[in-house]
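Trainee: Encoded as structure tokens, here's the structure I'll be asking about.
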Amino acid sequence: MNTKTLLYILKRIGLAILTVWIVVTVTFFVAHAVPGGPFASEKAITPAAKAALEAKYGLDKPLPEQYITYLKDIVTEFDFGPSLKNRGRDVIEIIADGMRTSAKLGLTAAGIALVVGVVLGAVAALRRNKLIDRVVMVFTTACISMPSFIMGTLFLILFAITLRILPANGNAAGGLILPVITLSLSPMANITRLTRSSMLDVLGQDYIRTAKAKGVSAPKVIFGHALKNALIPVITYFGPMLAYIVTGSLVVEQIFAVPGIGRAFVSSITDRDYPMIMGTTIVLASLIVIMNLVSDILYKVVDPRITLE
Amino acid sequence: MKKILALMLALALCLSMVACGGGKKTEAGTLSVCLASEPDTLDPALNSAVDGATMVAHLFSGLAKWAQDKDGKLVIVADSVTELVEGVANTDGTVTYTYTLRDGMKWSDGKDVTAADFVFAWNRAASPTLAADYCYMFEVIKGYAEMWETRDTGNKDADGNPIEEFVNPDAKLAVEAVDAKTLKVTLSNAVSYWNELLAFPTYYPVREDVVKNEKWATDPATYVCNGPYTMASWEHDSLITLKKNPNYIDAASVKLETLKCYLSDDANNMLTNFENGAWQMIDDVPTNEMANMASKYPTAYRVEGQIGTYYVNWNVNENILPATSTLTGVEAEKAKAEIRAALGLLYDRNYICKEIGQAGQVPASSFVAMGMTEPTDGSEFYKNAGSSDDYIGYYDVASSAIESNYNKAVEILKKYYTYDEATKKFTNFPTLTYLYNTNDGHKAIGEYLAGALAAVGITMKLENQEWNTFLNTRKNGDYSVARNGWLADYNDPICFLDMWTTTSGNNDIQFGKGAHAQLKMYNLDLSAQGYNVKVTNGTWAETYDVLIATIKSETNAAKRYELMHIAEDMLMATGCVTPLYYYTDIFMISDNVEGFFCNPLGYKYFMYCTVK
């Protein structure tokens, strides 16, 4: 790695921190500006009780002061504070619990999407315009155009109710199978199509013809030369996709009752659980920023022609 | 492609076989239920949710508990005490109860349960330091008022609101541990629902050394309890497992070994799991599936009474008179009260219950819900409401009365608005906006109400807000008409009536606030009941607030209930409350489960269940 690359990475990390900070600041003030509060309920608590609670959690202080205290706690002690809704639990614990499930779900789904997508894409490209290519194209189009909540519901009816071979809730044993498949279908289809078009592009290049002319064996041409270069666009897609799958699996988590971070995020907003809103925002924003950064760096690794600056 | 698909399916199938077997097997002595999503807390003092209360009722044992007698009737019986004694009246009007704890009661960690544990737990739950949602459940105990008394510090907070401080930060409730086994508690005055309060989760004991750790109630390792079960595990957002507590004093009577409480907030997901046999009881059913489920599972689909009322409430300060009206002040408010009550006659509550609610709800003609009983003869409070001999409540909800109600309403409205006889519509009624919280059920009811009003030429627009915003808007009175609902905490009508005092946090109607505060138009004459109270043309605060205060200090049950009927009459006369239906509790429980019961507060009891 040369100095230029190192400088670039450092610059990007700096930018990433700046991005997260902006997101944190905007979220903090917007969350507090929304009407309602963490202690609102159908049965209103007495004003004195509410005041006592606000004092306990420091919500009685002026907003800028709360903001500075919050940032200071995070930077100096990595303390995200207690949840206002789940009394007795810290935000960091809840996020860790949610992330553990979401990451397991997201990473498995992403892995399946990547492997199946690349294989299907490569096969389709090599058998261009043959039956298998057409079938793959129709299948992937269906997967892209069918929203996950429809897929998920169909799977539920088929496997959990009619056949009764898989559980309907994500927290039972084997419960992650259906959500993983549901979650992986759309990105898998995208990767298939990306691999296919990029592979076709590469297969038509002069150096492939040269390799073939020189008598290099077909598998070596495909795996050693064609596929490696064809994967560059997939890598650009994969980084953000991974972040998206891990953070954006909310719908799937809801359908299959998977206790992931997506659900925690949405309920924190409806509950006005300020520390929880902030905690999840920071984690999700950081994840997306990091994934983008990693995919840019990977980009450079697989394609030395690209200069990072 | 087919091969690949087949391969994927086969893979999924194999994985599931190895990993789980579909989760439909029921283990002997284990019941899998789903009440709701992750409970906010399982600390009995902090909990204010129905699902939390159900779990806490399985984990703790208070002075009293809900049970079924041999005829299956719900009763409140002694739990941690030898008997539920009668109170002894003191000369100052207070009442003292002295309880004796049963011998041999232990915490789940083996230590003895003592009277001091109750003293500590009650003072903690009532205290401003904990600021629990249900702290006011201890309001009846002497000392509570002193505990919560505040005074203005003279300082203002960032928003300009005065900062108050507690006058007696060290105040305690009048509850004392005479010795390890004797608990003495003094109430400010006799209350008929005292035993019911003793069975309420907020009154359960906790131990000081246990709750010192603020996180005690989130971790099975630190969760020390004294009830039929202990917390074996808590996989957050996923599953809470309760196991029979060998240290429980009545362990022999507990039939169910393990209770698995799955955590989900998605009614569709619950139903899927119920239908495939993974869960034997679910506490929610998707509204659009209710009719279907009721016919598909006639015995498993259960509709139980719940003490609560679904209603529409008006903002008392909102002007609904026509622009041309010259009425002001008291005259205007009198007219508005008549108009609001008349509009309430235009709705067909049977249609709302049968076609929209579809959950066995009962059309309501009073605000105090069905399920509240009179102390004298045990009759239903709502049946004695209103003054008509022809129907129950404040208006006739029978289907046969629709036409007469309609005609009556139109006649009243004609006094204030222009009526076009040709189209049979009012032409100058100002446009109303109905506020509800985002939910398909509330929306459907709003649409029906708007349709019913449109039939007489009144335009009512619908506006929905997300729950927390909605609560805030309604509380602040930034609306004209809004949906509302209220569930009782105990069997006493006061919990429906004291919410409408001027300073109550639930006074969404804004009685006694804004312009309404100045209106001297209410009468209160309690001389016939033997009180020196007679107010003519008083404000809301001078009449209703006084009436509620009188009810709260009255010790004679029969008199109290008479006063509560007067209070409801006063409330209904304002026309600000339009009851639609009394709530029901809908859930599904497998036919394989025996020994289950639930109470009117919606708590479910599984400890005496057996699974076939």
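Trainee: Scan B:GLY72, B:GLY29 and give me the residue that is on the phi > 0 side of the Ramachandran plot, at pLDDT below 85, surrounded by fewer than 18 Cβ atoms within 10 Å (Cβ to Cβ) and more than 14 Å from every other protein chain (Cβ to nearest Cβ).
Mentor: Criteria check complete, one pass: B:GLY72.
Trainee: In addition: Can you say whether B:ALA567 is modelled with pLDDT under 95 and farther than 26 Å from B:GLY441 by Cβ, as far as the supplied structure shows?
Mentor: Here the answer is no, as B:ALA567 does not meet what is asked.
Trainee: Restricting attention to the stretch B:250-269, which residues are more than 22 Å from B:GLY595 (Cα to Cα) and not polar (S, T, N, Q)?
Mentor: Those that are more than 22 Å from B:GLY595 (Cα to Cα) and not polar (S, T, N, Q): B:LEU263, B:ASP265, B:ASP266, B:ALA267.
Trainee: So, of the residues in the stretch A:160-171 that are surrounded by fewer than 24 Cβ atoms within 10 Å (Cβ to Cβ) and either facing chain B (nearest Cβ under 7 Å) or of a type in the set (Phe, Trp, Tyr) (or both), which turns out to be farthest from B:ASN269 (Cα to Cα)?
Mentor: A:ILE165
Trainee: Any idea how many residues of the stretch A:1-20 are in contact (Cβ under 8 Å) with a residue 40 or more places away in the chain, surrounded by fewer than 15 Cβ atoms within 10 Å (Cβ to Cβ) and under 16 Å from A:LEU287 (Cβ atoms)?
Mentor: 1
Trainee: Right, another one. Could you grab me the full set of residues in the stretch B:372-422 that are in contact with a strand residue (DSSP E or B) (Cβ under 7 Å, 6 or more places away or on another chain), more than 16 Å from B:LEU345 (Cβ to Cβ) and surrounded by 20 or more Cβ atoms within 10 Å (Cβ to Cβ)?
Mentor: B:MET372, B:PHE381
Trainee: If you don't mind, there's one more thing I want to ask. Cβ-Cβ below 8 Å, separation at least six or inter-chain, first residue in the stretch B:517-529 and of a type in the set (Phe, Trp, Tyr), second part of a loop (DSSP other than H, G, I, E, B): which pairs?
Mentor: B:TYR522/B:THR539
Trainee: Going by what's in this entry, would A:ILE235 be described as within 14 Å of chain B (Cβ to nearest Cβ) and in contact (Cβ under 8 Å) with a residue 24 or more places away in the chain?
Mentor: no
Here is a yes/no grid of residues against (1) within 12 Å of chain A (Cβ to nearest Cβ); (2) among the β-branched types (Val, Ile, Thr); (3) under 20 Å from A:ASN171 (Cβ atoms); (4) crowded, with 19+ Cβ neighbours inside 10 Å:
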{"site": "B:GLY227", "(1), (2), (3), (4)": "no, no, no, yes"}
{"site": "B:MET231", "(1), (2), (3), (4)": "no, no, yes, yes"}
{"site": "B:GLU235", "(1), (2), (3), (4)": "yes, no, yes, no"}
{"site": "B:TYR248", "(1), (2), (3), (4)": "no, no, no, yes"}
{"site": "B:SER264", "(1), (2), (3), (4)": "yes, no, yes, yes"}
{"site": "B:MET270", "(1), (2), (3), (4)": "yes, no, yes, yes"}
{"site": "B:ALA278", "(1), (2), (3), (4)": "yes, no, yes, yes"}
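Trainee: Let me ask something else. Is it the case that the stretch B:336-350 has a residue that's under 30 Å from B:ASP591 (Cβ atoms) and either surrounded by 21 or more Cβ atoms within 10 Å (Cβ to Cβ) or more than 22 Å from the chain's Cα centre (by Cα) (or both)?
Mentor: no
Trainee: Please determine, by comparing only the residues of the stretch B:485-512 that are outside any helix (DSSP H, G or I) and away from chain A (no Cβ under 14 Å), which one is surrounded by the fewest Cβ atoms within 10 Å (Cβ to Cβ).
Mentor: B:ASN491
Trainee: OK, next. Within the stretch B:453-484, track down each residue that is within 13 Å of another protein chain (Cβ to nearest Cβ) and of a type in the set (A, V, I, L, M).
Mentor: Answer for the stretch B:453-484, where residues must be within 13 Å of another protein chain (Cβ to nearest Cβ) and of a type in the set (A, V, I, L, M): B:LEU471, B:ALA482.
Trainee: Still on this structure: Go through the stretch B:60-98 residue by residue and tally those that are within 18 Å of B:LEU197 (Cα to Cα) and assigned to a strand (DSSP E or B).
Mentor: Number of matching residues: 16.
Trainee: When you look at B:THR543, is it at pLDDT 90 or above and either closer than 26 Å to B:THR473 by Cα or β-branched (Val, Ile, Thr) (or both), yes or no?
Mentor: It is true that B:THR543 is at pLDDT 90 or above and either closer than 26 Å to B:THR473 by Cα or β-branched (Val, Ile, Thr) (or both).
Trainee: Inside the stretch B:178-214, can you point out the residues that are in a loop (DSSP other than H, G, I, E, B) and of a type in the set (A, V, I, L, M)?
Mentor: B:ALA180, B:ALA190, B:VAL191, B:ALA199, B:VAL206, listed by residue number.
Trainee: I'd like to verify a number: residues in the stretch A:255-280 that are crowded, with 21+ Cβ neighbours inside 10 Å and either among the polar types (S, T, N, Q) or not in a helix (DSSP H, G or I) (or both), how many?
Mentor: 9
Trainee: Would it be correct to say that B:ALA126 is of a type in the set (Gly, Ala, Ser) and within 14 Å of chain A (Cβ to nearest Cβ)?
Mentor: yes
Trainee: Which residues, counting only those in the stretch B:508-521, are touching a helix residue (DSSP H, G or I) at 6+ places or on another chain (Cβ under 6 Å) and not charged (D, E, K, R)?
Mentor: Matches in the stretch B:508-521: B:PHE511, B:GLY512, B:LEU519, B:MET521.
Trainee: Another one. Out of the stretch B:313-329, which residues are surrounded by fewer than 23 Cβ atoms within 10 Å (Cβ to Cβ), aliphatic (A, V, I, L, M) and in contact (Cβ under 8 Å) with a residue 40 or more places away in the chain?
Mentor: B:ILE320, B:LEU321, B:ALA323
Trainee: Another question, if that's okay. Can you pull out the helices (runs of 4 or more DSSP H) entirely within the stretch A:41-152 that have at least 1 residues that are within 9 Å of chain B (Cβ to nearest Cβ), crowded, with 19+ Cβ neighbours inside 10 Å and among the hydroxyl-bearing types (Ser, Thr, Tyr)?
Mentor: A:91-126
Trainee: Does A:PRO179 satisfy the condition of being under 20 Å from the mean Cα position of the chain (by Cα), away from every other protein chain (no Cβ under 14 Å), surrounded by 16 or more Cβ atoms within 10 Å (Cβ to Cβ) and at pLDDT 90 or above?
Mentor: It is false that A:PRO179 is under 20 Å from the mean Cα position of the chain (by Cα), away from every other protein chain (no Cβ under 14 Å), surrounded by 16 or more Cβ atoms within 10 Å (Cβ to Cβ) and at pLDDT 90 or above.
Trainee: If the requirement is being under 31 Å from the mean Cα position of the chain (by Cα), among the basic types (Lys, Arg) and surrounded by 14 or more Cβ atoms within 10 Å (Cβ to Cβ), which of these qualifies: B:LYS106, B:LYS111, B:LYS142?
Mentor: B:LYS142
Trainee: Being more than 18 Å from B:THR186 (Cβ to Cβ), in contact (Cβ under 8 Å) with a residue 24 or more places away in the chain and either surrounded by fewer than 16 Cβ atoms within 10 Å (Cβ to Cβ) or touching a Phe, Trp or Tyr at 6+ places or on another chain (Cβ under 7 Å) (or both) narrows it down to one of B:GLY87, B:GLY62, B:GLY93, so name that one.
Mentor: Only one candidate passes the filter, namely B:GLY62.
Trainee: In the stretch A:194-241, which residue that is of a type in the set (Lys, Arg) and surrounded by fewer than 20 Cβ atoms within 10 Å (Cβ to Cβ) is nearest to A:LYS300 (Cα to Cα)?
Mentor: A:LYS228
Trainee: Restricting attention to the stretch B:167-176, does a residue exist that is under 21 Å from B:ILE249 (Cβ atoms), touching a residue at least 12 places away in the same chain (Cβ under 8 Å), exposed (fewer than 14 other Cβ atoms within 10 Å of the Cβ) and not hydroxyl-bearing (Ser, Thr, Tyr)?
Mentor: No, because not a single residue in the stretch B:167-176 is under 21 Å from B:ILE249 (Cβ atoms), touching a residue at least 12 places away in the same chain (Cβ under 8 Å), exposed (fewer than 14 other Cβ atoms within 10 Å of the Cβ) and not hydroxyl-bearing (Ser, Thr, Tyr).
Trainee: A further question on this structure: Taking A:ILE181 and the conditions (1) in contact (Cβ under 8 Å) with a residue 40 or more places away in the chain; (2) part of a loop (DSSP other than H, G, I, E, B), which numbered condition does it fall short on, given that it satisfies the others?
Mentor: The number of the failed condition is (2).
Trainee: Look through B:ASN532, B:ASN523 and report the one residue that is over 27 Å from B:LEU435 (Cβ atoms), modelled with pLDDT of 95 or more and surrounded by fewer than 20 Cβ atoms within 10 Å (Cβ to Cβ).
Mentor: B:ASN523
The values are calculated or read from the model by the stated rules, or taken from the named source; none is laboratory data. None of the values given here were measured: they were computed from a predicted structure. All Cβ positions, even for glycine, are placed from backbone atoms using ideal geometry, and neighbour counts span all protein chains on display.
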